[in-house]
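The block underneath contains the structure these notes are about, expressed in structure tokens.
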There are 2 protein chains.
Amino acid sequence: MQLDDLLARKGAWLAEGAEDGIVISSRIRLARNLDGIAFPDWAGEEECLRVQSQVLSALDRVGLLAPAMVMDMSSLSLADKDFLHERHLISMELARKGRGSGLVVREDEELGVMVNEEDHLRLQAMRPSFCLDELWGEIDALDSAIEKHLRYAFSETLGYITACPTNIGTGLRASVMLHVPGLRLANEVEPIIKGVGKLGLVVRGLLGEGTEASGNMFQLSNQTTLGESEAVIIERLTHVVREVVIHERNARLRLMEQRESRVRDFVCRAFGVLSHARLLGSNETLDLLSGLRLGVDLGIVAGLGTAEINRLTLYCQPGHLQKLMGRSIHAQERDEERARKVREAMRCAGLAG
Amino acid sequence: MQLDDLLARKGAWLAEGAEDGIVISSRIRLARNLDGIAFPDWAGEEECLRVQSQVLSALDRVGLLAPAMVMDMSSLSLADKDFLHERHLISMELARKGRGSGLVVREDEELGVMVNEEDHLRLQAMRPSFCLDELWGEIDALDSAIEKHLRYAFSETLGYITACPTNIGTGLRASVMLHVPGLRLANEVEPIIKGVGKLGLVVRGLLGEGTEASGNMFQLSNQTTLGESEAVIIERLTHVVREVVIHERNARLRLMEQRESRVRDFVCRAFGVLSHARLLGSNETLDLLSGLRLGVDLGIVAGLGTAEINRLTLYCQPGHLQKLMGRSIHAQERDEERARKVREAMRCAGLAG
């Protein structure tokens with residue numbers, strides 16, 4: 001399977017949409033390093049290549065990623081890297097790297113390893129829906145299997161050693177992507193961001209670290225990795241996600257009771273602009289698709305499902321658009337093409353009631 | 001005929017729309033005062049009532065306003081005043097006045113006199129299309145006819161004496177309302193405003209003095225009234241309006257050549273939001289109707305004519321909305337009702353091509 005074959009697929013983090021329309025997807029990653037070898041940013045290319053080769057051979061023997069796609073960063077164009085980043089398969093950090101850094105990912109995109117990102121190994125598992133426990137089971141199995149073939153840098157007192165001190169200990173980051181237009185419309189996002197901060201959690205945007213919460217989506221993840229077991233970290237995150245989901249549900253109910261025309265206006269405007277605009281920017285589209293998604297959840301928009309909105313959310317991002325066009329296109333042409341794709345998809349949609 | 005009967009009519013300043021879709025309407029007013037009587041703001045109520053009575057009796061004898069509607073400001077509710085102001089029949093200044101100030105207007109709304117506004121008489125003539133010469137003919141005839149029955153305050157050296165020195169001389173203000181979305185999209189409105197200022201002209205918004213240029217409409221009128229004949233003032237304004245119309249036409253052509261998708265996007269978004277929004281504010285609606293109007297001019301929007309857009313422009317203003325509802329309504333209800341009216345009207349509209 002080639003990278004371009006992914007184009008025909010939905011991407012693991014957005015494939016189906018979760019049951020209740022609020023939790024979009026879950027993700028867990030583990031940071032691991034090989035004992036006695038310099039971290040990737042301090043190692044030379046030769047050393048990185050040796051690490052990569054050891055990791056690939058270990059993964060091959062483990063077999064849990066088969067059938068896998070294997071890529072070295074030096075073989076990818078900028079557009080390819082954007083494309084993989086938008087699918088949440090690689091980080092911006094990895095995208096900036098070249099020879100000796102790479103990605104091994106199972107063809108279903110749900111389980112993979114970034115090699116020589118900030119750490120020698122970044123294991124990651126992701127799946128649509130709210131399923132941290134399952135993901136933990138899978139990634140833990142992969143981690144244990146790899147550990148039989150590679151010697152991890154590990155300290156009895158600290159736990160797993162990582163390039164950045166914020167990851168030391170478990171090396172675990174668990175994240176859940178949420179769609180919270182109700183909280184946004186009710187101006188309750190800020191208090192929640194502050195609240196979760198006090199619980200050792202952190203809020204990030206759609207595409208991870210340093211990105212804005214576009215499209216009323218945010219990722220909730222653990223801040224600390226040290227001094228607690230993986231189970232405790234995941235349990236706390238699970239608990240807080242459930243709370244946020246309840247808040248979002250309540251906000252939607254309250255809005256529909258007290259400010260129904262405000263909610264309908266948000267949804268119907270999004271519907272109107274997506275159906276007719278001739279130029280659509282990337283972030284604006286995410287915001288409008290959020291309105292559409294809420295409309296589907298509330299039964300205001302018909303003829304279009306969450307799966308189609310997920311597809312648009314993914315395929316309207318610059319890297320995906322360029323992949324679909326098969327060439328690099330400038331910003332205005334992208335905005336035209338994005339608007340064309342969205343209009344096409346909107347043809348089967350309608351407003352109910 | 002009662003004030004409420006106007007509801008079923010289109011209003012003089014927006015009735016048909018002008019031939020080329022750029023000039024919306026023309027208007028001329030003359031400021032006149034009675035000799036030897038204090039200006040309205042200095043006179044007491046009794047004196048204003050005497051002036052009003054003299055003016056009404058003169059107008060009756062003149063007969064040029066028959067059939068006329070005659071109203072004293074004290075008989076009008078705030079909503080009535082908003083309604084008349086939105087139809088350009090009374091100024092904000094007159095709306096603030098009470099007993100002894102009033103309006104006499106021919107039932108076709110094209111010719112009228114405000115009594116005891118800032119001056120004792122403010123004659124005004126207005127009509128859709130670019131027709132300053134015709135309006136001047138009519139208002140001049142009305143002025144001369146009134147002058148046979150009333151003695152105007154007049155100085156051989158200065159001309160007609162007015163309450164505000166900026167109106168002394170001819171007492172004339174001629175205005176043309178223009179719709180210039182092309183200049184706006186091409187960012188050329190500011191240079192034109194500066195340019196016309198140097199020619200002794202001034203730019204105002206949709207509803208006259210102190211209002212913003214909402215909906216890409218502006219009024220161009222003469223700044224000075226002294227030291228030039230009426231013919232010269234009107235000729236210069238006519239000349240400049242023709243220039244602005246040419247600039248607007250060129251801007252539209254250039255935009256359609258060089259940035260067609262930008263123009264189509266402006267039009268189609270307006271179409272999408274007007275067709276689907278559940279809440280529409282007053283100014284936003286004017287801006288969106290401007291997009292729709294441009295779409296009709298350019299053949300992008302079909303099934304809807306300028307006359308219908310003019311009707312919406314007028315009937316979506318707060319005073320008209322409340323008149324239509326038959327009661328005072330708060331802002332959110334107005335926004336809902338406005339959106340409902342607009343959606344209804346948009347049902348017969350479609351995008352061409």
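The values are calculated or read from the model by the stated rules, or taken from the named source; none is laboratory data. All of these numbers come straight from a predicted model, not from anything done at the bench. Every residue, glycine as well, gets a Cβ built from its backbone with ideal geometry; the counts of neighbours run over all protein chains shown. Please note that ligands, DNA and RNA were not included when accessible areas were found on the heavy atoms of the full protein model with its side chains. Shrake-Rupley method; radii C 1.70, N 1.55, O 1.52, S 1.80 Å.
Applying a DSSP loop filter and a limit of 15 other Cβ atoms within 10 Å to the trypsin sites (Lys or Arg not before Pro) in segment B:71-147 leaves B:ARG96, B:ARG99. Counting only the Cα atoms, the protein assembly as shown fills a convex hull of 180 Å³ per residue. The portion of the accessible surface of the protein assembly as shown made up by carbon and sulfur, rounded to a whole percent, is 50 (1.4 Å probe; DNA, RNA and ligands excluded). The label-point distance for B:VAL232 and B:SER155, in a model that sets each label 7 Å from Cα toward Cβ, rounds to 1.8 nm. Simple spin-label estimate for B:ALA38 and B:ILE246 gives 5.2 nm between the two label positions (7 Å along the Cα-to-Cβ direction from each Cα).
The local environment of A:LEU280, defined by Cβ-Cβ distances under 15 Å, has a net charge of +2 under the rule Lys, Arg +1 and Asp, Glu -1.
Rolling a 1.4 Å probe over the heavy atoms of the protein chains gives chain A an accessible area of 41 Å² per residue. For segment A:311-353 versus segment B:303-353, the spacing of their alpha-carbon centroids is 32 Å.
In this label model, A:ARG259 and A:GLU45 are separated by 5.6 nm, measuring between points 7 Å along each Cα→Cβ vector. Among complete DSSP H helices in chain A, those whose alpha-carbon atoms stretch at least 18 Å along the helix's long axis and whose mean Kyte-Doolittle hydropathy reaches -0.5 are A:45-62, A:132-147, A:230-258, A:260-276, A:282-297.
Annotation for segment A:102-171 versus segment A:172-195: alpha-carbon center distance of 26 Å.
What does the charge count around B:GLN317 come to, taking other residues whose C-beta lies under 11 Å from its C-beta (Lys +1, Arg +1, Asp -1, Glu -1)? Within the 11 Å Cβ shell, the charges total +2. Compute the longest continuous run of chain B that contains no exposed GluC sites (Glu not before Pro); treat a site as exposed when its DSSP state is not H, G, I, E or B and it has at most 11 other Cβ atoms within 10 Å. It works out to B:157-353. Once the C-beta distance of B:ALA352 and B:ASP5 is scaled by a Förster radius of 30 Å, the resulting FRET efficiency is 0.25 to the nearest 0.05.
Summing charges over all other residues whose Cβ lies under 12 Å from the Cβ of A:LEU220, with Lys and Arg as +1 and Asp and Glu as -1, gives +3.
Spherically averaged projected area of the convex hull of Cα atoms, chain B: 17.1 nm².
Put simply, chains B and A cover up around 1600 Å² of each other's accessible surface, both sides summed, when a 1.4 Å probe is used. Taking Cα centre as origin and charging only the Cβ of basic (Lys, Arg, +1) and acidic (Asp, Glu, -1) residues, the dipole magnitude of the protein assembly as shown rounds to 640 debye.
The helix-based estimate of mean residue ellipticity at 222 nm for the protein assembly as shown, built from -39,500 (n - 2.57) per DSSP H run of four or more residues and divided by its residue count, is -14000 deg cm²/dmol to the nearest 500.
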